[in-house]
1. With 21 Å as the limit, write out which pairs from K12/K38; K16/K68; K12/K39; K12/K68 have Cα-Cα distances beyond it, or answer none.
2. If the chain between K38 and K16 were fully stretched, how many nm would it gain, using 0.36 nm times the residue separation less the Cα-Cα distance?
3. Can you tell me the order of 22-30, 56-64 when each peptide is scored by its average per-residue count of other Cβ atoms within 10 angstrom, highest first?
4. Pop a pseudo-label 7 angstrom from the Cα along the beta-carbon direction at both R23 and R62 and give the gap in nm to one decimal.
Amino acid sequence: MSNDGKIFTTIKEISKESGIPYRQILNDINNRVLPAIKKGKSYYIYTTDASDYYYKLVCQARGQDPEKYRSLLNGDIVNQVIGSVLNNDKSKD
């Protein structure tokens with residue numbers, strides 16, 4: 001999910017960007033699967049929570065354990081692994 005520097009997103013924006021039906025997102029909020037803040041008639045969702053929501057849905061669709069790959073969400077770890085591979089992959093000449 002691209003947050004473009006935004007802190008919050010809405011159900012409508014999530015639905016439009018992901019194709020997930022509005023009603024399913026609302027049900028997930030009501031069932032406490034997706035945390036949200038209600039102000040007036042609108043719900044506001046932290047963009048990080050929306051990203052985590054997408055991640056869990058993708059893992060569920062693929063039959064994967066979300067916790068197994070959670071560490072890969074941290075960019076620092078990925079960069080460390082890539083750096084380690086590049087440093088060890090030097091020519092032996």
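1. Working: K12/K38 14 Å; K16/K68 29 Å; K12/K39 15 Å; K12/K68 30 Å.
The answer is K16/K68; K12/K68.
2. On the way: separation 22, 0.36 × 22 = 7.92 nm, distance 1.94 nm.
Length gained between K38 and K16: 6.0 nm.
3. Values: 22-30: 14.9, 56-64: 11.3.
So the peptides 22-30, 56-64, ranked by packing, come out 22-30, 56-64.
4. 2.9
Only the coordinates and a few stated rules stand behind these numbers; no lab work does. Fair warning: this is a prediction, and the values are worked out from it, not measured in the lab. Neighbour counts run over all protein chains shown; Cβ positions are idealised from the backbone, glycine included.
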